[in-house]
Structure formats: C-alpha cells, structure tokens
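Taken together, the values in this text are just the output of simple stated rules run on the coordinates, not laboratory data. Note that this is a predicted model, so its numbers are computed, not measured. Reconstructed Cβ throughout: ideal geometry from the backbone, glycine too, with neighbour counts over all protein chains shown.
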Amino acid sequence: MKFVRTTLLMLGISLVFVACGSSGPTAKDDLKKLESYDSYAYLPNKDTIISRDYDNYTIQETIIETINANMNEEGYVLDKRQPDVLVYVHPMFDEEIAVNANPVYTNYAYYRPGFYIGPYYKDYMYDNYFTIQRVDGPRVKQIPYRERSIVIDFIDRRSNEILWRGTADETIETRRLQREIRQYIDEIFKDFP
C-alpha cells in the first residue's frame, strides 16, 4: 500500500513538472529570431488613405523612405526574393478603418502579380507578396485605432507570424506632415529589438 501511495505521489509530482514546462514559442523567442535576421522586404498594403485631406502618395512614400533608412541603420538589407522579415505597414489616416486585428488579412486574394500596388512599393516589395494571405501572431496585442498614426508589423516570412508590432503613442500632426511622419517612425524604431 505504501508503495502505491509513493508511486502515485511521484507520478503526481512528475505531472506538475511536465505541466510547468514551456508551452511553445514565446515573445522572447520571436525577438531572438528577429535579432538574428538580416534581410527584409515589404508586404505592400492596399492604399488605405481615402480621405482627400491627405496626399496618399506623399505619405506612403515618406513612410517607406523612413522605414528603409531605419532598417539600414539596424543592419538589414533589402532582399525581394527571400527576405527573412516582411514589413507590413498600416497607415491610419482615415476616420473609419478596421486594421490592427490579429490575425491580419492582407487581402491579396483579390490581387494578382503585377496588379496595381502603389508605386512607392515597386522597388521594395517581396516578389511573392501575393502568396501571403493571412498574417498571424498569437502574442501580438490588438492596438486601438488612432487617427493619424502608423503601425508597423515585422513578420517572419517562413511562418507568417508577426514577430514584433511597433507604433508610437502620439498622433501625427498635419502642419509639417512629412517631417512629423519621419519623427513618428524614428520613435517607433527606438523600441525595435
């Protein structure tokens, strides 16, 4: 009888230790992965700025140029064929728009290669962007929508999981819009791993 109790006790303790083990990849694992990567390309977004109060082309071009400068400073190189990281940008300048949900649907099911994508992505987008339909990442929180803000997702090309999501707390002022966008993105990159 004592043997049975001891065996059951040992079995119970073993189960507790097994249950306390790792439950899978963590946010730290994602950050480690991101730190080990060195190439990137863009997943182009569809033109999301509908409001005529903003110049869509100028805003998108400024965003891409500023992200490229920051990625270069971080040691990343552009690789349109097999990048480690895909960069997906959510420029939020319209009053009503639904983004930042997790998972993110890229809506490329309606696109085909060569179909209209903003010209600001032309030289920087992942060659097979249209094959990425759904981007996921269980550890990424939903960010509440704020008009005149930008959210940048960094996605593992192989797993389609969001490794890191960056945004800033402020809203972008409209007086010197291009300068404000640059400063906003630079602020996001201060938290980049």
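Spacing of the modelled spin labels on Gln178 and Asp94, each 7 Å from Cα toward Cβ, amounts to 2.5 nm. Residues whose amide H falls under 5 Å from that of Val151, counting only those 5 or more places apart or on a different chain, are His90, Met92, with hydrogens built in the peptide plane. The aspartates and glutamates whose alpha-carbon is closer than 13 Å to the alpha-carbon of Lys33, local same-chain residues fewer than 8 away aside, are Asp84, Asp156, Glu161.
For the pair Arg52 and Arg146, a Förster radius of 35 Å applied to the C-beta separation gives a FRET efficiency near 0.95, rounded to the nearest 0.05.
Taking amide hydrogens as placed 1.01 Å from N in the peptide plane, the amide H of Ser39 sits under 5 Å from those of Val77, Asp84, Val85, each at least 5 positions away in sequence or on another chain.
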